[in-house]
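*Asks:* This is the structure, below, for whatever I ask next.
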Amino acid sequence: MSFNNSEDEKLRTLAAATLARTGALQAAALRDTTGRTYVAINVSTKNFSLTALDAVFTVAMASQIDGIEAVVVTGEKPNEIGAISEYAPSAAIWFCGIDGEVTAL
């Protein structure tokens, strides 16, 4: 599977670059309904854990978004999509593996 539009490909590029730059286990890029993009990584300590999906959702919500069009996650595949699917059930959520394979979540 591949992306149907260049805006989703841009999300993959942002997520992959963030993953490479930070060395995190996961990175996610989100596009809101106005076209703005946000990136985040997973956070994991002895007492706290946050997936890249939850982190990027938090960053976007802090910017007072009105909706989500799409999200791309790279690195480790998330076990769940959580809050994003509740907030924006029609948002496209993609996972891009190390091999470049794109799958819908």
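The values are calculated or read from the model by the stated rules, or taken from the named source; none is laboratory data. All figures in this text were calculated on a predicted structure; none of them were measured in a lab. Virtual Cβ from ideal backbone geometry, glycine too; neighbours counted across all protein chains shown.
*Asks:* Based on what the data block shows, is residue 80 of a type outside the set (Ser, Thr, Tyr), modelled with pLDDT of 95 or more and under 16 Å from residue 103 (Cβ atoms)? Steps first, please.
*Replies:* Details: of a type outside the set (Ser, Thr, Tyr): yes; modelled with pLDDT of 95 or more: no; under 16 Å from residue 103 (Cβ atoms): yes.
So residue 80 does not fit the description; no.
*Asks:* Identify all residues within segment 20-34 that are over 13 Å from residue 78 (Cα atoms) and touching a residue at least 40 places away in the same chain (Cβ under 8 Å); write none if there are none.
*Replies:* Just the residues of segment 20-34 that are over 13 Å from residue 78 (Cα atoms), to begin with: 20-24, 29-34.
24, 29, 30, 31 - these are the residues of segment 20-34 that are over 13 Å from residue 78 (Cα atoms) and touching a residue at least 40 places away in the same chain (Cβ under 8 Å).
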